[in-house]
1. If only one of 72, 37 is modelled with pLDDT under 90 and more than 18 Å from the chain's Cα centre (by Cα), which one is it?
2. Test residue 196 against the stated conditions and say whether it is at pLDDT 90 or above, surrounded by fewer than 24 Cβ atoms within 10 Å (Cβ to Cβ) and under 22 Å from residue 267 (Cβ atoms).
3. Hey, can you tell me all the residues within the stretch 82-108 that are farther than 25 Å from residue 34 by Cα and surrounded by fewer than 24 Cβ atoms within 10 Å (Cβ to Cβ)?
4. Go through the stretch 106-151 and give me each residue that's at pLDDT below 80, touching a strand residue (DSSP E or B) at 6+ places or on another chain (Cβ under 8 Å), in a helix (DSSP H, G or I) and within 21 Å of residue 245 (Cβ to Cβ).
5. Do you know which residues across the stretch 79-97 are in a helix (DSSP H, G or I) and in contact with a helix residue (DSSP H, G or I) (Cβ under 6 Å, 6 or more places away or on another chain)?
6. Conditions: (1) part of a helix (DSSP H, G or I); (2) surrounded by 14 or more Cβ atoms within 10 Å (Cβ to Cβ); (3) at pLDDT below 85. Residue 50 meets all but one. Number of the miss?
7. Here's a check for you: in the stretch 156-180, which residue that is assigned to a loop (DSSP other than H, G, I, E, B) and over 14 Å from the mean Cα position of the chain (by Cα) is surrounded by the most Cβ atoms within 10 Å (Cβ to Cβ)?
8. Quick check on the stretch 260-282: of everything there that is more than 18 Å from the chain's Cα centre (by Cα), more than 15 Å from residue 187 (Cα to Cα) and assigned to a loop (DSSP other than H, G, I, E, B), which residue is modelled with the lowest pLDDT?
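The values are calculated or read from the model by the stated rules, or taken from the named source; none is laboratory data. The model shown is predicted, which means the values in this text are computed figures rather than measured ones. Methodologically, a virtual Cβ is constructed for each residue, glycine included, from the backbone with ideal geometry; neighbour enumeration extends over all protein chains shown.
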């Protein structure tokens, strides 16, 4: 699949490639919400999005700590409008940090912004999205050109400068989205910015699953309970992905904020990237926790940080899936 600019990403060996595809990863007949509930969600989303546009000029004038309040509210309202139940475990570190997470969906962006507000690192194309592109630019998003390898040192320097200035920076070091059943390697380049700025790295694990029995009775395997409906992969479009999420029944987003990796704990960017990925993989490979029945959609209060999870899971490409160009609202 080509990039939005018409270039073939496979011509660039550095360009992130995801093995996940619409046909291979997304459910064919997912359990869906009723027509009335879907209509209510679209109406709620139509009310929430303009609120972000209206708030953004004022939010830019606030100090970072105060700016986080409307950002958290608005991003949490997006999840609530779509009927997504959000469970948060752990708390982000105080002060500037490089927050890194696995990447499944465009929905990851508001989820992380609600939990750990900061400057997002996103692919250049996001700046051209209707409404969202303008909001991203106003929010201080650091745009990266994934097709231009020579520009990477400039991006790393820009991220390091933001961290030194006291900002939290949020990135998805896989560089592409995966369906949620597997994770890709964490690319090491942006971790150099944390080393240069002398700040910790905060790993975050994101998982989507189905609340209730939508996967069928007797399902106990963690891989079977992963919900791929929010995934934004392959030839998928943002409109189609939005429709799936708005129509989803029982969708739960689990956001686990893991213990930070202190500055100096790892000798270089590759070791730091590997440690962050190992922490995320250990958490996502540890099974799925049951959500309490009756919790309202939206962001739930953070729970205490988890202890270290034993073991890691593999990330091999399942047979029968062909690589597709990366689809990622944030790089």
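1. None of the other options fit; the residue is 37.
2. yes
3. Within the stretch 82-108, 88, 89, 90, 91, 92, 93, 94, 95, 96 meet the criteria.
4. 126, 136
5. Passing the criteria: only 81.
6. Status for residue 50: all satisfied but (2).
7. Only one residue fits best here, namely 168.
8. Taking the candidates together, the pick is 267.
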